[in-house]
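Report on one structure; see the data block that follows.
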Amino acid sequence: MFDLTGKTALVTGASYGIGYAIAKGFAAAGAKIVFNDISRELVDKGLASYKADGIEAKGYVCDVTDEAAVEEMVADIEKTVGVIDILVNNAGIIKRIPMCEMRAEDFRKVIDVDLNAPFIVSKAVIPSMIKKGHGKIINICSMMSELGRETVSAYAAAKGGLKMLTRNICSEFGEHNIQCNGIGPGYIATPQTAPLREIQPDGSRHPFDQFIIAKTPAARWGTPEDLVGPAVFLASDASNFVNGHVLYVDGGILAYIGKQP
Ligand code: NAP
Ligand code: GCO
């Protein structure tokens, strides 16, 4: 049920971090891996990493917010690799700025990458999934699909919208045997969260780091590898009747009021 042999998976923004770990897990389950990133440098870095891990991935330089570029990439994948069976909308950015100090163009940029782009890429792959008679779309959501916090207004709005886009793709294409689900990672140790884990000048842990440890029953940050099993599950036949769901992989954060200081 968890075998991905013969499947073609596109993971966006997968040169490193969460996307890379998910793609590596898909490869271990038998899938052919295709990924994109925003620069040649990142794609080359990713290709070298995949090769070092024994994975013959195909990489594309493609900005996921550019609809024409996405359509061109998907057409080339379908011609040279095969119809995309599994799409992971992973590419994302965050801008941590107090809302009243945030420029509208910064807000729009986060919405563009984290919400508009999953719409664009999903729209590009769905027609061939319909023709093929099946498809899996996995949107990388967030704790901020459910919760807010200071400085992440754009990111929370985008990730909340991504949860609802997930439910809408489920609603509109379930009859074509397309399952669209989300993964909501908790706080994961990647470059994106590195600023929240910086060791302080006095050698102490970052206050936010201490906060997350107190808020997580597992009392640790997650790793990208913690997301691999859930992603393989949602990409495989084991989840053919799971649709419109956001699977939170957060060590229990959403269930826990937090440890008393
Ligand atoms: P990340 O830095 O967010 O990785 C995202 C990747 O997407 C990077 O390679 C990034 O390139 C690329 N990217 C950004 N904009 C792009 C665009 N317009 N077109 C194509 N690629 C683009 O690190 P991450 O922590 O692995 O996050 C991956 C996903 O998980 C994101 O959607 C993030 O919001 C989500 N997430 C992360 C956490 C966490 O705690 N780390 C938790 C929940 C959800 P650059 O390096 O140039 O930016
Ligand atoms: C932040 C973090 C979070 C994580 C993740 C949590 O500044 O609060 O970056 O947003 O990236 O989305 O699920």
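A few points about this structure:
- Residue check for Ile94: among the aliphatic types (A, V, I, L, M) and away from ligand 1 (no atom under 13 Å from the Cβ): no
- Leading residue by the ranking (nearest to ligand 2 (Cβ to nearest atom)) among those in region 61-93 that are within 21 Å of Gly6 (Cβ to Cβ) and crowded, with 23+ Cβ neighbours inside 10 Å: Val88
- Only one of the numbered conditions (1) more than 16 Å from ligand 2 (Cβ to nearest atom); (2) within 23 Å of Leu162 (Cα to Cα); (3) part of a loop (DSSP other than H, G, I, E, B); (4) in contact with a strand residue (DSSP E or B) (Cβ under 6 Å, 6 or more places away or on another chain) is not met by Asn36, and that is (3).
- Taking the listed residues Ala194, Ala231, the one that is in a helix (DSSP H, G or I), surrounded by fewer than 20 Cβ atoms within 10 Å (Cβ to Cβ), of a type in the set (A, V, I, L, M, F, W, C) and out of contact with any Lys or Arg (no Cβ under 6 Å at 6 or more places or on another chain) is Ala194, with no other qualifying.
- Any hit, region 193-212, residues being more than 22 Å from Tyr256 (Cβ to Cβ), out of contact with any Cys (no Cβ under 9 Å at 6 or more places or on another chain), away from ligand 1 (no atom under 14 Å from the Cβ) and in contact (Cβ under 8 Å) with a residue 60 or more places away in the chain: no
- Single residue of Gly244, Gly251 found to be assigned to a loop (DSSP other than H, G, I, E, B), more than 16 Å from ligand 2 (Cβ to nearest atom), buried (at least 16 other Cβ atoms within 10 Å of the Cβ) and small (Gly, Ala, Ser): Gly244
Every read-out reported here was derived from the displayed coordinates using simple, explicitly stated rules and does not represent laboratory data. Just so it is clear, the structure is predicted and the values come from calculations on it, not from any experiment. Glycine also receives a Cβ, built like all others from the backbone with ideal geometry; neighbour counts cover every protein chain displayed.
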